[in-house]
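*Asks:* I am attaching a structure below and will ask some questions about it afterwards.
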Amino acid sequence: MNQPATTTPFVDRRSPRKQGESPVFERRQFTNSHEDLSPGAQQLALAIDEYKLRNRRRFITYEEMYEIITGLGYTKR
């Protein structure tokens, strides 16, 4: 016979914290980790992040990256 699966209580992590509780670290897909980059690299990183959000992509192909780079005005000499 099949045993019923044990259920765990639902934890709503969106609810506000109660007073005295320590903050919970949230994992985000995109972070502000571009601060240590050069200005040009920051521009590229932000353009890639914007492209990912606009096109709902978690990962991009080399073709898409090339499209972003040329969209920023870079060309091969």
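The values are calculated or read from the model by the stated rules, or taken from the named source; none is laboratory data. This one's a predicted model, so the numbers in the text were calculated from it and none came from an experiment. Cβ atoms come from the backbone with ideal geometry, glycine included; neighbour counts cover every protein chain shown. Just the protein is used for accessible areas: all its heavy atoms, side chains included, with ligands, DNA and RNA removed. Shrake-Rupley method; radii C 1.70, N 1.55, O 1.52, S 1.80 Å.
*Asks:* How many residues does the stretch 7-50 contain that are modelled with pLDDT of 70 or more, open to solvent by 100 Å² or more (accessible area, probe 1.4 Å), polar (S, T, N, Q) and under 17 Å from the mean Cα position of the chain (by Cα)?
*Replies:* Qualifying residue count for the region: 0.
*Asks:* Sticking with this one: Find all pairs meeting these conditions: Cβ atoms under 8 angstrom apart; at least six residues apart or on different chains; first residue within the stretch 45-73 and over 16 Å from H34 (Cα atoms); second residue surrounded by 14 or more Cβ atoms within 10 Å (Cβ to Cβ) and of a type in the set (G, A, S).
*Replies:* What qualifies is I68/A47; G71/A47; L72/A47.
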